[in-house]
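Shown next, in structure tokens, is the structure this report addresses.
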Amino acid sequence: MGKFGRAGKLGWLLALLSCCCAQAFAVPQAVVETVQMPAWLERAGGSQPLAVGMAIENGDRIRTGADARVYLKLAEGSTVKLGEHALLGIYSRSLHPARDFRGALDIVKGAFRFTTDALHRLRARRDVEVRVGTATVGIRGTDVWGKSAADRDLVVLIEGRITVQHAGQTLTMAQPMSLFEAPRNAAPPPVAPVDPGQFRVWARETEILPGDGAAKRGGRWRVRLVRAASEGRALSVYDRVRAAGYAAQIRPHAAGPGRWTYEVLLARLASEEDAAVVARRIGVELGVAAVPSR
């Protein structure tokens, strides 16, 4: 068998298998759980529509469009929610992010919410910094909402304890439902209780409710955008919809000997109502006669 030999080949195959297994079981820093489109994933200079189930890597950026929302699940169990017209950068090189997560979230613009439930607070260690415009929030397991707007940066501590750094000053927030506000052209006022009515308005900016038109894990409804005998026509719709921030798929179907049809669709919509909402939105925005189906 030559100098390489059976043993050498076996060793090479085992090494290759070990490498493949390590890649297969690698834990991503975060995973996309729910998307109310349009939204995009920006990576290495490129952009593509954000889709449910996507793995988020170090250095990725997530951008949302009008009336959009995104839910991410960090490897250590926390949930990050984004509102419309948001831009988020994610930075983490944790080797074991499920049990020891260290990283930073950069909220360039828009609203977010970071939530760790009681179970995951105990199961993993975390050291997360969230930059909200001009303020940096230190988080180790809590529930916090914030927003970087054109005129000010906001941080609301819902539950837990955080540190906030701003303009060279550091303060600790431990009182539930308290507000830190940093106007663009003025000194921050003292931390104060947040008005409950105002907070309900702010919180809605990052929440996805039934019927909002979201795709999520386990969603069984879909929206058919076109079914065409021409591959070119199907690809034209596919490209236009994806450029607009909707994670369309294209599926060929055998239609007879040597004949095919091509279906362009959006999958994993949470309910019939959600599918109908997305179909109407696509029709208004792109002029595509979309049809909900299961």
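The values are calculated or read from the model by the stated rules, or taken from the named source; none is laboratory data. Fair warning: this is a prediction, and the values are worked out from it, not measured in the lab. Quick reminder, even Gly has a Cβ in these numbers, built from the backbone with ideal geometry, and neighbours come from all protein chains shown.
Restricting attention to region 126-148, which residues are surrounded by fewer than 20 Cβ atoms within 10 Å (Cβ to Cβ) and part of a strand (DSSP E or B)?
Of everything in region 126-148, those that are surrounded by fewer than 20 Cβ atoms within 10 Å (Cβ to Cβ) and part of a strand (DSSP E or B) turn out to be 127, 129, 131, 136, 138, 143.
Any residue that is more than 30 Å from residue 111 (Cβ to Cβ) and touching a Lys or Arg at 6+ places or on another chain (Cβ under 7 Å) - is there at least one of those in region 249-261? Step through it out loud before you land on a result.
We begin by selecting, within region 249-261, every residue more than 30 Å from residue 111 (Cβ to Cβ); these are 250-261.
Then keep just the ones that are touching a Lys or Arg at 6+ places or on another chain (Cβ under 7 Å); that gives 261.
Scanning region 249-261 turns up at least one residue that is more than 30 Å from residue 111 (Cβ to Cβ) and touching a Lys or Arg at 6+ places or on another chain (Cβ under 7 Å).
I'd like to verify a number: residues in region 35-68 that are surrounded by 18 or more Cβ atoms within 10 Å (Cβ to Cβ) and more than 17 Å from residue 242 (Cα to Cα), how many?
Filtering region 35-68 for residues surrounded by 18 or more Cβ atoms within 10 Å (Cβ to Cβ) gives 35-41, 49-52, 54, 56, 60, 62-64, 68.
With the extra rule that they be more than 17 Å from residue 242 (Cα to Cα), the set shrinks to 56, 60.
Matching residues across region 35-68 total 2.
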Review point. Does residue 233 fit the bill of being in the same structural domain as residue 288 (by TED's automatic domain parsing), among the charged types (D, E, K, R) and buried (at least 16 other Cβ atoms within 10 Å of the Cβ)?
Key: no
Point to revise | Subset of region 149-174 (residues that are over 25 Å from the mean Cα position of the chain (by Cα) and assigned to a strand (DSSP E or B)) | key: 165, 166, 169, 170, 171, 172, 173
Review point. How many residues are under 27 Å from the mean Cα position of the chain (by Cα) and surrounded by fewer than 13 Cβ atoms within 10 Å (Cβ to Cβ) if we restrict to region 208-230?
Key: 4
